[in-house]
1. What are the residues whose amide H is under 5 Å from the amide H of Val35, where those residues sit 5 or more places off or on another chain and H is modelled from the backbone?
2. By how many degrees, 0 to 90 and rounded to 10, does the Cα axis of helix 4-15 deviate from the longest principal axis of the chain?
3. Along Cα→Cβ, 7 Å out, is where each label goes; now give me the distance between the ones at Trp171 and Asp313 in nm to one decimal.
4. Please list 3J(HN,Hα) in residue order for the range 35-50, calculated via the Karplus relation 6.51 cos²θ - 1.76 cosθ + 1.60 where θ = phi - 60°; whole Hz, with x for glycine and proline.
5. Take the eigenvalues of the Cα gyration tensor for the chain, scale each by 5, and report the square roots as semi-axes in whole Å, largest first.
6. Applying a 10 Å radius around every beta-carbon, put 177-183, 301-307, 160-166 in order of their mean neighbour count, most first.
7. Report the gain in length on full extension from Met67 to Leu207: 0.36 nm times residue separation, minus Cα-Cα distance, nm rounded to one decimal.
8. Using helices alone, what [θ] at 222 nm do you get for the chain, with -39,500 (n - 2.57) per DSSP H run of 4 or more residues, divided over all residues and rounded to the nearest 500?
Amino acid sequence: MTDLADFTARLTALTGGRASTPRLKDGVMTIALDVGGLPLDKRDGLAAAIREGALTVTGVTDVRIAMTAERKAEEAAPLKAPLRILAVASGKGGVGKSTLSANLAVALHRLGLKVGLVDADIYGPSQARLMGSEDQKPQARDKKLIPVTGTLGIPMLSMAHLVEPGKALAWRGPMVGNALTQLIDAEWSDTELLVVDMPPGTGDIQLTMVQKHKPVGALIVSTPQDLALIDATRAVSLFHQAGVPMIGLVENMAGYACPHCGELSDPFGHGGAESKAGDLSMPFLGRIPLAIDIRQRSDAGDPPAAGEGVHADAFHAVARKVADWLKASA
């Protein structure tokens, strides 16, 4: 006969650590055996060897082996990368933040990143139009929304997918925060990066975002004019206070080329955002021109970044800097 301590040591060697520590009570020995990844014949053979050895232990009259594959199934399952959130924000509306968000998502996707897009502007959603997905409605599974498909197959969600077109949402702060959480906590599958188009300002949605969803970084959009830059500075301050790293500042509507004569002009000024980025000790990511082609393609749900040309190049230049930042901060 064998004592329990000797058998336990032999059991570990026999099973390669797949068996639990034996439990003996009233003559019955109970053992949990992890058979994950083993073919059926090896499972049965291993169980038979354990049973034969267990019955040699003093006091054992019966052996019960519980087979489980839980641990090996978990080990075999591919590890899902944590979902990272990139907040695209501005201090005020009308600076082209949504257009930048849509094109940034498209450009990052073309760089090979697994990108999703969330329209966090609950009261004024525009991403469904920009990404050509206005006619789609998300399904739900296990109380989670399943994103719809935007330009280039990019998964996305917006309140525009959930409410009737043109319907005003007269919601107070808590409802807005819950709506944002529903969009972000959706079933994003293998998406690794969410580009979140934030509403303008520093209110409830911004606070919910930085406190609950914790972006890995924030990108600020501004026009070159002084009034926009004043509000952009407030947005930067909010993210700084919340400990959210600043990816950089983008100057939008930076220069206009006359389609008839080609003359360049600067309706909103020039270089203000780059100068402000220097004042705030944050990177300047680039300029996006004020161009009728960007406006027309955006209205048509065809983001310029999905194509080629100088306007696509402007968005891709920003996206490459963002991708480098994300890689360095991973």
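Each value in this text was obtained by applying a stated rule to the coordinates, not by laboratory testing. Keep in mind that what you see is a predicted model, and the values were worked out from it rather than measured. Glycine also receives a Cβ, built like all others from the backbone with ideal geometry; neighbour counts cover every protein chain displayed.
1. Answer set, sorted by chain and number: Thr68, Ala69.
2. 50 degrees
3. The two pseudo-label positions are separated by 4.2 nm.
4. Whole-Hz 3J(HN,Hα) from phi for the range 35-50: 10, x, x, 8, x, 4, 5, 6, 4, 5, x, 5, 5, 5, 5, 5.
5. Whole-Å semi-axes of the equivalent ellipsoid: 58, 20, 19.
6. The packing order, highest mean first, is 301-307, 177-183, 160-166.
7. Here the segment from Met67 to Leu207 would lengthen by 45.5 nm.
8. -11000 deg cm²/dmol
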